[in-house]
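Below is one structure, written out as structure tokens; comments come after it.
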Amino acid sequence: MIGGGRGAFIGAVHRIAAAMDGKAVLVAGAFSGDPARSRASGADLFLEASRVYGSYREMAEAESAMPADRRLDFVVIVTPNHQHYGPARLFLESGFNVVCDKPVTFDLAQARRLREVVRKSGKVFALTHNYTGNAMVKQARALVAGGKLGAIRKVVVEYPQGWLAGALERTGQKQASWRTDPRKSGAAGCMGDIGTHAENLAHYITGLRIEELCADLTTFVKGRRLDDDGNVLIRYKGGAKGVLHASQICVGDENNLNIRVYGTLSSLEWHQEHPNELVVKFPDAPRQVWRRGNGYVGNAAKKFTRVPAGHPEGYLEGFANIYREVFRGVAAEVEGRRIPRNLDFPTIDDGVEGMAFIDAVVKSSRLGARWVKPAAR
């Protein structure tokens with residue numbers, strides 16, 4: 001693991017999720033840019049001191065020199081955005097598989113360069129847009145792909161939070177500090193942090209790609225350097241229309257990601273805070289509430305369900321479902337087999353698309369909410 005040491009949030013989430021199926025063990029890490037903090041974090045996690053490193057470069061050099069039965073099978077990058085590209089590139093070029101937190105890089109140019117590195121490496125590269133791992137999101141995707149909604153006409157996806165309604169970053173809170181710092185977060189704040197989740201969720205469920213968009217970004221908290229609220233109108237290729245809203249100043253909202261997809265035959269909606277349910281609606285029949293773990297759901301949802309109906313699964317299991325698919329790919333790569341083509345997790349292409357979305361949103365807003373076409377992938 002790179003990053004994720006003392007004081008971090010997402011590192012612990014990845015460690016739990018990666019271990020959930022008993023198929024991975026944490027054996028090494030560079031947990032902080034501060035070598036002393038990295039060593040202390042490694043001790044917290046009961047790692048061998050010799051495999052706790054002061055930098056990711058030191059780790060890459062040492063682990064590359066280890067015999068095959070001891071060297072790492074994959075690395076997980078859970079640093080702020082500006083520290084994704086360097087470690088990802090180095091470890092891929094050093095022969096390691098990589099799992100990276102989102103968004104994939106600091107900017108679009110880095111994402112495109114990293115895509116070339118991934119393609120040349122032949123290694124597994126996964127991006128943890130974790131909500132796509134939820135069983136009922138996979139059920140929604142299967143309904144759309146199976147034509148149950150008919151032709152898609154409209155997609156409404158929202159991600160309101162309220163945790164940055166005040167100037168939390170000025171208190172020294174670590175998560176707020178780097179997310180509102182353009183030197184670490186990139187060109188966007190809220191839209192880069194959670195707007196990309198909304199964009200990726202809509203694409204994963206519907207398969208639609210953005211033709212052009214019109215965005216209005218706002219910074220409500222005085223003195224903040226990046227957006228904390230955004231509204232985007234979307235024209236999808238093929239004619240469907242979309243509305244995407246992401247905000248971190250919506251007082252009282254916690255993590256209210258939700259999506260509604262409207263077709264010519266029926267529609268569906270899914271709410272992240274009620275992840276075990278998928279609502280399906282019809283023009284001439286009562287709406288249905290499909291629940292995870294029941295026999296009527298499709299094979300895609302069944303495959304990623306761990307416990308019987310009535311036992312809730314959610315955030316951690318979504319991450320773990322991505323890792324479950326990553327492990328299929330990593331196992332094949334480590335054993336010298338062909339990496340399966342049907343792996344179900346976000347890829348470097350999703351990462352590039354997410355960065356193109358951020359780039360277009362920022363550009364559109366700076367131009368006074370003008371329609372902009374995202375840069376070609």
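Among Ala176, Ala187, which is hydrophobic (A, V, I, L, M, F, W, C) and closer than 22 Å to Gly86 by Cβ? Please lay out each step first, then the result.
Numbers: Ala176 fails: closer than 22 Å to Gly86 by Cβ.
Criteria check complete, one pass: Ala187.
For Gly42, indicate whether it is open to solvent by less than 10 Å² (accessible area, probe 1.4 Å) and over 23 Å from Val330 (Cα atoms). Let's see the steps before the verdict.
Values: open to solvent by less than 10 Å² (accessible area, probe 1.4 Å): yes; over 23 Å from Val330 (Cα atoms): yes.
Judged against the criteria, Gly42 is a match.
Would you please list the contacts, defined by Cβ atoms under 7 Å and residues six or more apart or on different chains, that run from a residue in region 284-303 that is over 20 Å from Asn321 (Cα atoms) to a residue that is open to solvent by less than 40 Å² (accessible area, probe 1.4 Å)?
Arg287/Val279; Arg287/Val280; Arg287/Lys281; Gln288/Val280; Val289/Val279
Output the qualifying pairs, or none if there are none: Cβ atoms under 7 angstrom, residues six or more apart or on different chains, first residue in region 353-377 and within 16 Å of Phe106 (Cβ to Cβ) and touching a residue at least 40 places away in the same chain (Cβ under 8 Å), second residue of a type in the set (Asp, Glu) and open to solvent by 30 Å² or more (accessible area, probe 1.4 Å).
Met355/Asp107; Ala375/Asp359
Scan region 289-329 residue by residue and report those that are over 24 Å from Cys100 (Cα atoms), open to solvent by 80 Å² or more (accessible area, probe 1.4 Å) and not in a loop (DSSP other than H, G, I, E, B).
Arg291, Asn299, Lys302 - these are the residues of region 289-329 that are over 24 Å from Cys100 (Cα atoms), open to solvent by 80 Å² or more (accessible area, probe 1.4 Å) and not in a loop (DSSP other than H, G, I, E, B).
With the condition being open to solvent by 60 Å² or more (accessible area, probe 1.4 Å) and more than 25 Å from Gly150 (Cβ to Cβ), I'd like the strands (runs of 3 or more DSSP E) fully within region 181-285 carrying at least 1 qualifying residues. Outline the logic, then answer.
Numbers: elements: 210-218, 229-236, 241-247, 258-263, 267-271, 277-281.
Output list reads 210-218, 229-236.
Those residues that are assigned to a helix (DSSP H, G or I), open to solvent by 50 Å² or more (accessible area, probe 1.4 Å) and either in contact (Cβ under 8 Å) with a residue 40 or more places away in the chain or among the basic types (Lys, Arg) (or both), I need them from region 3-39; list them, please.
Arg15, Ile16, Arg37, Arg39
So which residues in region 75-106 are buried (at least 20 other Cβ atoms within 10 Å of the Cβ) and assigned to a loop (DSSP other than H, G, I, E, B), if there are any at all?
Start the filter on region 75-106 by keeping residues that are buried (at least 20 other Cβ atoms within 10 Å of the Cβ), which leaves 75-81, 84-85, 87-88, 90-92, 96-106.
Thr79, Pro80, His84, Phe96, Asp101, Lys102, Pro103, Val104, Thr105, Phe106, listed by residue number.
For region 162-174, name all the residues that are of a type outside the set (A, V, I, L, M), at pLDDT 95 or above and in a helix (DSSP H, G or I).
Matches in region 162-174: Glu169, Arg170, Thr171.
I'm checking my understanding of the structure. Among residues of region 344-371 that are outside any helix (DSSP H, G or I) and either modelled with pLDDT under 95 or in contact with a strand residue (DSSP E or B) (Cβ under 6 Å, 6 or more places away or on another chain) (or both), which one is most open to solvent (accessible area, probe 1.4 Å)?
Applying the first criterion (outside any helix (DSSP H, G or I)) to region 344-371 yields 344-347, 367-371.
Now drop any that are not either modelled with pLDDT under 95 or in contact with a strand residue (DSSP E or B) (Cβ under 6 Å, 6 or more places away or on another chain) (or both), which leaves 345-346, 369, 371.
On the way: Phe345: 22, Pro346: 7, Ala369: 39, Trp371: 88 Å².
Once the filter is applied, the top-ranked residue is Trp371.
The values are calculated or read from the model by the stated rules, or taken from the named source; none is laboratory data. Values in this document were obtained by computation on a predicted structure and should not be read as measured data. Cβ: placed from backbone, ideal geometry, glycine included. Neighbour counts: every protein chain shown. These accessible areas exclude ligands, DNA and RNA; they are computed on the full protein's heavy atoms, side chains included. Shrake-Rupley method; radii C 1.70, N 1.55, O 1.52, S 1.80 Å.
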